[in-house]
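The values are calculated or read from the model by the stated rules, or taken from the named source; none is laboratory data. Small disclaimer: the values here were computed from a predicted structure and weren't measured. Heads up, the Cβs are rebuilt from the backbone with ideal geometry, glycines too, and the neighbour counts pull from every protein chain shown. The protein model used for the area step is the full one, side chains on, heavy atoms only, and it has no ligands, DNA or RNA in it. Shrake-Rupley method; radii C 1.70, N 1.55, O 1.52, S 1.80 Å.
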Amino acid sequence: MRPKVRRREEAPHFIIRIRGDPLHDGSEHLTALRDKVIHRGRGEGRAMRIDCDVVVVGGGPAGAHTAMAVARFSRQNLRVVLIDRNERSEFGKKTRRGWTCGDAVSRKSLEFVMENLGIRYERPEIEHEVDGVLVISPDHATKVLFDGEGYLLNRKLWPQKQLQYLEKLGVEVVFGVDVRTLLSEDNRIVGVKGTSKSGEPVEVRAKVVVDASGSASVLRANLPIESYVEREIDKENDMEATGRYILEFDRVVEDETWFDPRYCIIHLDQFLAPGGYCWTFPKGENKVNIGLGVQKTALDRRNAAHGLKDNLASLIDQYVRTNRAIVNPREPEGYQDQGNTYSTWQVPVRRQNDCMVANGYVVVGDAAWMPRPIDAGGLGPSLYGSVILGRNIVRAVEEDDVSQDGLWGYNVDYVRMYGYQMAGFEVFRRYLQTLPNDDISFGMKYFLSEDDIESIKRREHPRFPLLTNFLRVLLDAELRRRVRERPKLARSLAYVADKSRRLIRHYLNYPERSSEFPRWRAQLLRELREANEKLGIT
């Protein structure tokens, strides 16, 4: 069933966009580059050299919008270079198999970036509109609506629209270059080195390097200077293996718990998606982004318990077959989906990197582990982070202080606007991953209040007032009976709600100066260790 992916062979050269000039490739019209780019010739073993104010590595949504933000907020007075490893026609492609994503983004997040950057997204890059997200319990007895209106994007077409805005804002885009190395001097990052597809060395010197190269960033992992930036993530517990199809199908069976063109649907099911969830996101009346994510350790436990040998690919296929609303599934035939109908990828599902800045270096998007821990949604955090980062970079460059302290405002602003809830969601996610299906169904049916549902709609942590309000439990005989049925579940959910409040308070006191960070982080780690011990999470 899985589509065969054909990869078009590209010419072995890189393409450069020069501000205000037509498109040039690296093999012709080199005189047009003049003092903007120093190119020392092909096949001579000498590096192409670019000097700029800001270099962004990675052409995904986080990298592209950060580059736009720096250009816009500096009124195009800073020279911004964006490097993408893909060719122009495949700008922003995430993996060899496509522009992999669940494709969903909230209206609020997209409007935030459009209003701040003076840009506009519409059809065809916006493919479908939805009224919200429905979470379905494992027994299909309970539905919870969270989040507001949103969009399903066409991730193949959306980057081309971003590219138009980048060029309009004067950002110079270098295509087909793989950046693997950070350049450093005197404990500060001063640029990057990479290689074009034809093997030519490329060097870009900049005041600030923006790492938007994804969750597996080799730049972050090999950061060659002293800093508070965490290099590596816990791959066993804080990464999800995910995969999806984009399919058309026949609408024969109408069952809104399996497909509804008005809503993105999330199915919680620890057997089909151990440690994660399944999703059916509508891209039209008979078109869908359908897939799931799993945690490796949870999948290993599930397979061992049932004597199975399932992997991510087999589970995705099982989910498609299980979804009774998806009849006669098939690959779309249009250009907008060609080469993008099946893919797998890794998603970080922890709080954002506790520190996202170093001397001359910043991380954003998946490279900063920004996807929300509770649902692995990465587009919204990346869009907010891009705008916040762009403002802080411009201020730091204009004040001639791109040190860790000069860039520190990015940490503070992101935490206060968006990131303050993520550690609480991390604890909640890790606890949910330990629960069997019947506990999840029971908790959703009996322990979620209307207040909790309203909190979830606002992407806030549920407070479980039914369990944390002693008087309410005392006076409600039915609730007392349900608590007695699942006392451990009730106690743990109440504890998670209280821990979330404590973590939010801690994050709202994120240090405004880097000198205070070690003490703040030590307290954070104590809080997280306590939660893991209390909840029996290893």
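Need a quick list: strands (runs of 3 or more DSSP E) entirely within the stretch 135-207 having at least 3 residues that are more than 16 Å from Ala67 (Cβ to Cβ) and open to solvent by less than 60 Å² (accessible area, probe 1.4 Å).
Passing ranges, in order: 143-146, 150-153, 177-185, 188-196, 201-205.
Applying the selection to the stretch 233-254, what residues are open to solvent by less than 30 Å² (accessible area, probe 1.4 Å) and under 30 Å from Arg324 (Cβ atoms)?
Matches in the stretch 233-254: Glu240, Ala241, Thr242, Gly243, Arg244, Tyr245, Ile246, Leu247, Phe249.
In the stretch 336-346, which residue that is open to solvent by 10 Å² or more (accessible area, probe 1.4 Å) and outside any loop (DSSP other than H, G, I, E, B) is nearest to Glu516 (Cα to Cα)?
Gln346
Could you tell me which of the residues Arg463, Arg472 is assigned to a loop (DSSP other than H, G, I, E, B), open to solvent by 20 Å² or more (accessible area, probe 1.4 Å) and at pLDDT below 60?
On the way: Arg472 fails: assigned to a loop (DSSP other than H, G, I, E, B).
Testing whether each residue is assigned to a loop (DSSP other than H, G, I, E, B), open to solvent by 20 Å² or more (accessible area, probe 1.4 Å) and at pLDDT below 60 leaves just Arg463.
Residue-by-condition table, conditions (1) open to solvent by 30 Å² or more (accessible area, probe 1.4 Å); (2) touching a strand residue (DSSP E or B) at 6+ places or on another chain (Cβ under 6 Å); (3) modelled with pLDDT under 95; (4) over 27 Å from Ile537 (Cβ atoms):
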| site | (1), (2), (3), (4) |
| --- | --- |
| Lys283 | no, yes, no, yes |
| Lys296 | yes, no, yes, no |
| Lys309 | yes, no, no, no |
| Arg330 | yes, yes, no, yes |
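If you go through the stretch 348-382, how many residues are aliphatic (A, V, I, L, M) and either assigned to a loop (DSSP other than H, G, I, E, B) or open to solvent by 10 Å² or more (accessible area, probe 1.4 Å) (or both)? Give the derivation first.
Let us first name the residues in the stretch 348-382 that are aliphatic (A, V, I, L, M), namely 349, 356-358, 362-364, 367-368, 370, 374, 376, 379.
Narrowing further to those that are either assigned to a loop (DSSP other than H, G, I, E, B) or open to solvent by 10 Å² or more (accessible area, probe 1.4 Å) (or both): 349, 356, 364, 370, 374, 376, 379.
Residues meeting the conditions: 7.
Out of all the residues in the stretch 217-232, is one or more assigned to a strand (DSSP E or B) and open to solvent by 20 Å² or more (accessible area, probe 1.4 Å)? Spell out the reasoning first.
Pass one, the stretch 217-232, residues assigned to a strand (DSSP E or B): none.
No, the stretch 217-232 has no match at all.
Among the residues of the stretch 482-498, write down those that are in a helix (DSSP H, G or I) and more than 24 Å from Gly419 (Cβ to Cβ).
Keep residues of the stretch 482-498 that are in a helix (DSSP H, G or I), which gives 482-485, 487-498.
The answer is Arg482, Val483, Arg484, Glu485, Pro487, Lys488, Leu489, Ala490, Arg491, Ser492, Ala494.
Output the residues belonging to the stretch 499-538 that are polar (S, T, N, Q), without any contact (Cβ under 8 Å) to a residue 24 or more places away in the chain, out of contact with any Asp or Glu (no Cβ under 9 Å at 6 or more places or on another chain) and in a helix (DSSP H, G or I).
Step one: list which residues in the stretch 499-538 are polar (S, T, N, Q), which gives 500, 509, 514-515, 523, 532, 538.
Cutting the leftovers down to without any contact (Cβ under 8 Å) to a residue 24 or more places away in the chain gives us 509, 515, 523, 538.
Still in the list and also out of contact with any Asp or Glu (no Cβ under 9 Å at 6 or more places or on another chain): 509, 523, 538.
Residue satisfying the conditions is Gln523 alone.
Tally time: how many residues in the stretch 383-409 are part of a helix (DSSP H, G or I) and open to solvent by less than 40 Å² (accessible area, probe 1.4 Å)?
Let us first name the residues in the stretch 383-409 that are part of a helix (DSSP H, G or I), namely 383-398, 404-407, 409.
Next cut, open to solvent by less than 40 Å² (accessible area, probe 1.4 Å) only: 383-390, 392-394, 396-397, 404, 406-407, 409.
Counting residues in the stretch 383-409 that are part of a helix (DSSP H, G or I) and open to solvent by less than 40 Å² (accessible area, probe 1.4 Å) gives 17.
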